[in-house]
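Working notes, structure below.
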């Protein structure tokens, strides 16, 4: 999968962490995601389901198997963070936005909650 990230993603450790979480979510890499989640983490897909628990939350997958992931922006502030972008599987494009709440403010704090918004885009895929 080809991944693009904003050029300012290297300015703070948490920016890199959030971009990394988005990338591993897009790739379906539950093992890496699980390491970043608290034991009682919750992941809600708006309009879909909420799952609770590290293992269950780490199994969240995008609705497509992307060939390309474009992360448009990553924002962090204290315990909160968000990132948005577009997944492209060659036939469909899905815009996403993840809102994350970390268990603490340190760079090693784990993620306690994620809310994901997913919208299938219409029009050309290029």
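Just so it is clear, none of the values below were taken in a lab; they were calculated from the coordinates. These numbers were taken from a predicted model, which means no experiment stands behind them. FYI the Cβ positions are ideal-geometry reconstructions off the backbone, even for glycines, and counts take in every protein chain you see.
Largest mean-square fluctuation among 94, 71, 46, in a Gaussian network model of the chain whose springs join Cα atoms under 10 Å apart, belongs to 46. Against the longest principal axis of the chain, how steep is helix 13-27, in degrees 0 to 90 to the nearest 10, with axes from Cα atoms? Taking the Cα atoms of the chain, the angle to 13-27 is about 50 degrees. Where only DSSP H runs of four or more residues are counted, the chain gives -6000 deg cm²/dmol as its mean residue ellipticity at 222 nm, each run worth -39500 (n - 2.57). Shown for 16, 69: other C-beta atoms within 10 Å of each C-beta, ranked fewest to most, produce the order 16, 69.
Place a label point 7 angstrom from the Cα of residue 31 along the Cα-to-Cβ direction, then list the residues of the range 42-61 whose backbone nitrogen is under 19 Å away. Once the point is set 7 Å along Cα→Cβ of residue 31, 54-61 turn out to lie under 19 Å by backbone N, inside the range 42-61. What FRET efficiency, computed as 1/(1 + (r/R0)^6) with R0 = 30 Å and r the Cβ-Cβ distance, is obtained for residue 49 and residue 12, rounded to the nearest 0.05? The calculated FRET efficiency here is 0.40. Pairs of Cα atoms nearer than 8 Å and 6+ residues apart set the relative contact order; for the range 2-121 it is 26 percent.
Extents of the chain, taken as max minus min of Cα coordinates on every principal axis and listed largest first, are 41, 33, 23 Å. In terms of other Cβ atoms within 10 Å, 82, 73 run from fewest to most in the order 73, 82.
The equivalent ellipsoid of the range 56-120 has semi-axes of 24, 13, 9 Å, largest first, where each one is the square root of 5 times an eigenvalue of the Cα gyration tensor.
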